[in-house]
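Notes for the one structure printed next.
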């Protein structure tokens with residue numbers, strides 16, 4: 001009989017320890033994600049104005065980070081966004097190299113608006129400054145570095161635990177000539 005009491009006491013003690021540990025774990029697991037995200041971006045890109053004839057179309061890919069707190073019942077929020085994007089324009093677009101290539105670093109603000117009755121989608125309007133570096137200049141002055149404004153808009157939605165974003169962005173290189181990109185991004189966070 002003492003073995004049975006010890007077995008019951010041991011089982012009850014083990015159950016109490018497991019319950020205490022799982023109670024602490026459920027609090028940690030149940031915490032919401034921080035209002036930030038990291039995403040991978042891919043899409044198409046083309047030159048605008050006179051640059052369209054020179055650059056043609058290309059591909060863009062990269063990474064985006066954002067800090068944008070927005071929770072119900074709040075419907076409008078302001079956040080910060082940054083990205084690093086690489087682009088390759090094909091079709092003999094460069095004068096010296098085989099293709100015109102760029103890397104862009106940008107920082108901006110994003111105004112977000114929850115839409116729909118269930119508030120599962122977010123529309124955004126964004127803008128900021130961008131530093132673009134190219135492998136060769138598309139202009140006569142041979143300058144390969146450009147600092148200018150960028151602007152964009154799009155739609156974000158949570159799908160299968162991921163944040164999926166479709167958007168368009170325009171980056172100015174020189175006197176309203178620039179690039180237009182249509183992108184799709186998938187990321188973790190909110």
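The numbers here are math on the coordinates, done by the rules we state, and not lab data. Predicted model only: the values in this text are computed from it and were never measured. Every residue, glycine as well, gets a Cβ built from its backbone with ideal geometry; the counts of neighbours run over all protein chains shown.
Using a 10 Å cut-off around each Cβ, can you sort 145, 137, 185 from fewest to most neighbouring Cβ atoms? Please list the in-between numbers first.
Details: 145 9, 137 18, 185 25.
Starting with the residue having the fewest Cβ neighbours, the order is 145, 137, 185.
Rank the residues 124, 67 as a footprinting-exposure proxy: fewest other Cβ atoms within 10 Å of their Cβ go first. Provide the component values of the computation, followed by the final result.
Details: 124 21, 67 15.
By the 10 Å Cβ count, ascending, the order reads 67, 124.
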